[in-house]
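A quick write-up on the structure given underneath.
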Amino acid sequence: MKPFRDEIEALQQSAITRFSLPHMQDKEVIPLWYGEGDTVTPDFISQAAIQALEAGQTFYTHTRGGLPLRAALKTYLDRLYKLDIDPDRITVPGAAMLGVNIAAQTALTNGDHGLIVGPAWPNIETCFRVTGASVSYVSQHETDRGWHIPVDDIIGAVLPNTKAIFVNSPCNPTGWVMQRSEQEELLEFCRARQILIISDEVYHRIVYDQNVAPSFLSITRDDDPVIVINGFSKAWAMTGWRIGWVVAPKRHVSQWAGLSESFNTGATNFVQAGAIAALEQGEDFVRQQVKQFSQSRDRVIEAFSKCEGLDLCAPQGAFYAFPRVTDTASCEGLVEDILKSTKVGLAPGSAFGPSSDAYFRLCFARSPDNLQIALDRMVRFFQS
């Protein structure tokens with residue numbers, strides 16, 4: 001008998017890390033393959049964490065996150081979405097990806113089916129598969145108004161044993177933003193079928209035609225089958241801090257306390273002080289970031305319009321371009337050639353699920369000068 005489960009034996013390294021890890025120490029490479037910029041975390045956030053560390057906040061904390069942070073999150077969410085959210089629904093287990101893993105564990109096991117609205121970040125499929133469930137995708141498609149997927153397509157992909165649906169809006173990698181009416185339609189279906197919606201909203205502030213993306217929080221009741229995942233990494237330039245939050249059904253308060261304790265003991269104590277500072281003092285920084293991302297999006301659109309053979313559907317949110325290469329079935333070789341020829345690191349579309357092989361992903365959350373250098377190199381590559 002094998003010591004490891006078949007689901008673990010079958011796991012493969014994602015195409016993103018397969019391309020990037022061998023080159024992480026190469027200072028000549030402009031790394032556009034990861035979902036982070038080159039802006040250092042703002043000083044007011046870092047100083048809050050430093051002060052907490054110096055004050056001795058190095059001990060265990062509440063497994064669901066300290067009361068001050070959860071109170072700050074309630075205030076932030078209430079203000080942003082005009083809610084009066086029950087604070088007992090909020091948990092800070094550690095990184096947002098940890099929240100996704102725990103959410104998957106609450107719904108999926110052997111014999112179940114998990115549905116992913118794709119394209120999607122590759123780690124989502126991994127955390128679904130390690131539960132023992134089968135996994136399939138239902139894909140967005142390009143339209144004249146941006147990436148889109150009808151809710152009927154999602155519902156049509158549900159199987160009799162589907163227990164969880166993963167939705168990421170704004171979407172990594174496409175920039176698709178799910179509208180409130182579409183969220184209401186999907187929630188009504190899942191409420192009737194008791195299917196868990198895992199809504200990844202970590203790019204909630206990075207949208208280009210409104211202040212905040214629509215959230216399932218605005219339409220859910222306390223005990224609806226919805227878990228909303230969010231985090232500090234993207235809007236507040238805190239990728240390395242590994243802290244995020246979850247809003248779950250109220251009846252699972254004790255379960256999330258137990259699961260958070262089992263997976264991570266609790267979010268790092270002094271890091272929570274930095275997170276509070278981000279929520280309470282970070283609005284100007286968020287607006288500044290989104291303004292820069294919007295200008296960077298325009299730069300990418302303009303640059304790629306000069307490249308024959310590239311079709312780019314403009315993203316509505318997040319900070320990625322996901323262009324399609326019209327004359328190739330797979331971009332893995334192309335991404336490797338670009339890396340070798342131009343020292344620009346990109347993520348191949350194959351990492352983001354089926355039907356994405358002809359695409360590649362570029363993160364444009366970089367300083368304007370750095371991004372322009374990368375774009376100039378890529379334009380020369382495609383024009384040659």
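Points worth noting:
- GLY65 being buried (at least 19 other Cβ atoms within 10 Å of the Cβ), in the same structural domain as GLY333 (by TED's automatic domain parsing) and part of a loop (DSSP other than H, G, I, E, B): no
- Cβ-Cβ distances below 8 Å connect the following pairs, each with a first residue in segment 19-32 that is outside any strand (DSSP E or B), a second residue that is surrounded by fewer than 14 Cβ atoms within 10 Å (Cβ to Cβ), and a separation of six or more residues or different chains: PHE19/GLU336.
- Residue count for segment 226-237, restricted to those that are touching a strand residue (DSSP E or B) at 6+ places or on another chain (Cβ under 8 Å) and touching a residue at least 40 places away in the same chain (Cβ under 8 Å): 6.
- Which numbered condition HIS252 fails, given (1) in contact (Cβ under 8 Å) with a residue 40 or more places away in the chain; (2) part of a loop (DSSP other than H, G, I, E, B): (2)
- The residues on offer are SER367, SER384, and the sole one that is surrounded by fewer than 21 Cβ atoms within 10 Å (Cβ to Cβ), over 24 Å from GLN13 (Cβ atoms), out of contact with any strand residue (DSSP E or B) (no Cβ under 7 Å at 6 or more places or on another chain) and without any contact (Cβ under 8 Å) to a residue 12 or more places away in the chain is SER384.
- Checklist (1) touching a helix residue (DSSP H, G or I) at 6+ places or on another chain (Cβ under 8 Å); (2) at pLDDT 95 or above; (3) more than 29 Å from TRP236 (Cβ to Cβ) applied to SER305, failing item: (1)
- Residue, farthest from SER139 (Cα to Cα), within segment 161-218, restricted to residues that are small (Gly, Ala, Ser) and touching a residue at least 60 places away in the same chain (Cβ under 8 Å): SER218
- Segment 349-384, subset within 17 Å of THR39 (Cα to Cα), of a type outside the set (Ser, Thr, Tyr) and not in a helix (DSSP H, G or I), residue farthest from the chain's Cα centre (by Cα): ARG366
- Residue that is nearest to PHE293 (Cα to Cα), among those in segment 313-336 that are part of a loop (DSSP other than H, G, I, E, B) and aromatic (Phe, Trp, Tyr): PHE319
- Count of segment 339-348 residues which are of a type in the set (A, V, I, L, M), surrounded by fewer than 24 Cβ atoms within 10 Å (Cβ to Cβ) and under 23 Å from the mean Cα position of the chain (by Cα): 1
- Counting only helices (runs of 4 or more DSSP H) that sit completely within segment 120-228, those holding 2 or more residues that are over 19 Å from CYS313 (Cα atoms) and over 17 Å from the mean Cα position of the chain (by Cα) correspond to 151-156, 180-193.
- Hey, LEU339 touching a residue at least 12 places away in the same chain (Cβ under 8 Å), assigned to a helix (DSSP H, G or I), on the phi < 0 side of the Ramachandran plot and of a type outside the set (Phe, Trp, Tyr) or not: yes
The values are calculated or read from the model by the stated rules, or taken from the named source; none is laboratory data. Treat the numbers as computed from the prediction; the structure is a model and nothing was measured. Here Cβ is always computed from backbone atoms with ideal geometry, including for glycine, and neighbour counts include all displayed protein chains.
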